Amino acid sequence: MQTIFKEIEIPEKELNDVINQNLDKVHILYKKKQRMKLISVCAAVAVLLAAGFGICISNPVMASQIPLIGRLFNKVQDKQQYFGDYSKNAQPVKGANVSETAGIKVTLSELYCNTEALNVSVLVESNEAFPQYAQEGYEEQGEMKQQIFMDVSHKFDFMKDEVTQGYEYMWVVGEFLDDHTFAGAFRINFNIGDLSAVEIPDSFQWDMHINRIEVGNETGKIETFSDAGWDLSAKVTMDTEQTITKEINDFAPTGQGIISVTKTPYEIILNEADATKEGDIRFVLDADGKYMVDKLGMIPVQDHNVSKITIYYFQEPDVEKYVQLQERVAKGNDVEEFMKENSIYHIEIKFDE
């Protein structure tokens with residue numbers, strides 16, 4: 001017998017109860033499915049996080065190095081001979097900046113080039129541990145530093161031949177991050193050797209071949225760590241906007257004096273008259289009257305106030321006066337006043353004019 005549903009009478013209350021009960025079941029099933037999806041996603045994320053955390057725990061060195069490439073100067077800039085905030089101006093190396101041979105990988109991280117020098121940060125990773133004596137480091141001005149050495153040759157596209165004179169040996173200063181990893185930086189000075197005889201263009205191609213990597217300590221012990229050979233290259237653009245050059249042409253009665261001076265964010269270069277007699281000396285003070293370390297006319301700016309510098313000249317001081325000079329400089333007491341009273345001449349150079 002055919003059943004006609006529209007003719008079956010169902011009380012309205014019972015009908016609503018049945019509908020609501022089934023809707024509740026649908027909602028419960030839907031919530032269960034959504035909860036299972038969420039649990040599955042969370043579990044997958046947890047697995048990935050655990051895996052990543054496990055990698056970092058099992059290889060903390062790798063974890064510590066992840067943010068270094070491209071920001072290596074942050075780690076080593078205060079250890080440099082001409083130290084300063086290189087990270088503010090340095091650019092990531094563009095070119096063949098990684099070379100790996102015989103279990104040693106060399107990575108050029110960043111570079112900063114101005115009219116006076118090319119500064120490069122480098123990471124050296126070795127499967128074989130660096131010797132412990134090399135990791136002892138040395139103390140300079142109260143700070144512990146570590147180093148490696150590179151026997152190298154350079155090729156610049158603005159020069160026909162390889163550059164060797166004055167640049168065969170790169171002194172790389174920094175720190176060992178662990179037994180297998182060294183982070184450091186080196187400087188190619190444009191004012192010495194072959195490069196001092198040519199004009200450096202605003203942009204150029206630089207290629208470096210590392211013949212061998214050497215390690216040593218402050219006792220003078222230096223040994224070859226590897227002579228496998230590495231080739232690296234980079235496109236270099238010079239920063240000329242932050243360089244100030246001033247013509248001075250001021251001379252003391254002894255013939256000592258300054259022809260011109262150049263200031264960059266990291267160094268001051270004195271172009272001096274070549275008329276200094278043996279025994280004549282000079283000292284350089286910053287705008288606050290603080291003594292500045294002088295490396296044969298190349299003066300690190302470091303943390304000095306260099307809005308102005310003053311060069312004081314002394315003509316063959318006797319032993320007593322020379323000792324007094326050194327003591328004042330070492331102690332930092334009334335250095336400027338002593339210089340004014342005892343020097344035969346001084347030259348004041350203002351960079352903010």
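The values are calculated or read from the model by the stated rules, or taken from the named source; none is laboratory data. Just so it is clear, the model here is predicted, and its values are computed rather than measured. A quick note on method: Cβ atoms are made from the backbone with ideal geometry, for glycine too, and the neighbour counts reach across all protein chains shown. Protein only, heavy atoms only, side chains kept; ligands, DNA and RNA dropped before computing areas. Shrake-Rupley method; radii C 1.70, N 1.55, O 1.52, S 1.80 Å.
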Checklist entry - How large is the charge dipole for segment 168-321, taken about the Cα centre, if only the Cβ atoms of Lys, Arg (+1) and Asp, Glu (-1) carry charge, to the nearest 20 debye? => result 360
Checklist outcome for this item: For K105, the aspartates and glutamates lying under 17 Å Cα to Cα, once residues fewer than eight places off in the same chain are dropped, come out as E125, E128, D151, E175, D178, D179, D207, E214, D227, D231
Checklist outcome for this item: HN-Hα couplings for segment 159-171 via Karplus (6.51, -1.76, 1.60; θ = phi - 60°), in whole Hz with x for Gly/Pro, come out as 10, 6, 9, 4, 8, 10, 4, x, 9, 5, 10, 8, 8
Checklist entry - Extension gain A102-K88, at 0.36 nm per residue separation less the Cα-Cα distance, in nm? => result 1.6 nm
Checklist entry - Ranked highest first by average number of other Cβ atoms within 10 Å, how do 254-266, 315-327 line up? => result 254-266, 315-327
Next on the checklist: Would any residue of segment 177-221 have its amide N under 17 Å from a label point 7 Å out along Cα→Cβ of S153? List them or say none.
Outcome noted: 194-195, 206-213
Item to check | Listed peptides 330-336, 153-159 by packing density, highest first (mean Cβ within 10 Å) | outcome: 153-159, 330-336
Item to check | Accessible surface, segment 192-297, averaged per residue in Å² (probe 1.4 Å) | outcome: 48
Checklist entry - How many percent of the accessible area of segment 173-219 is carbon or sulfur, using a 1.4 Å probe? => result 40
Checklist entry - If the limit is 26 Å between Cα atoms, which of K155/K221; K94/K160; K246/K331; K75/K331 go over it? => result K155/K221; K246/K331; K75/K331
Checklist entry - With all protein chains present, how much of the accessible area of segment 63-135 (probe radius 1.4 Å) comes from carbon and sulfur, to the nearest whole percent? => result 47
Checklist entry - What's the carbon and sulfur percent of segment 228-327's accessible surface, probe 1.4 angstrom, rounded to a whole number? => result 45
Next on the checklist: Let me make sure I get this right: for segment 197-348, a, b and c are the square roots of the gyration tensor eigenvalues over alpha carbons, sorted descending. Under 1.5 in a/c it's rounded, otherwise prolate if a/b > b/c, else oblate. Which is it?
Outcome noted: prolate
Checklist entry - By average Cβ neighbour count within 10 Å, what is the ranking of 108-115, 124-131 from highest down? => result 108-115, 124-131
Checklist outcome for this item: Surrounding charge for M159, neighbours by C-beta under 13 angstrom, Lys/Arg +1, Asp/Glu -1, total -4
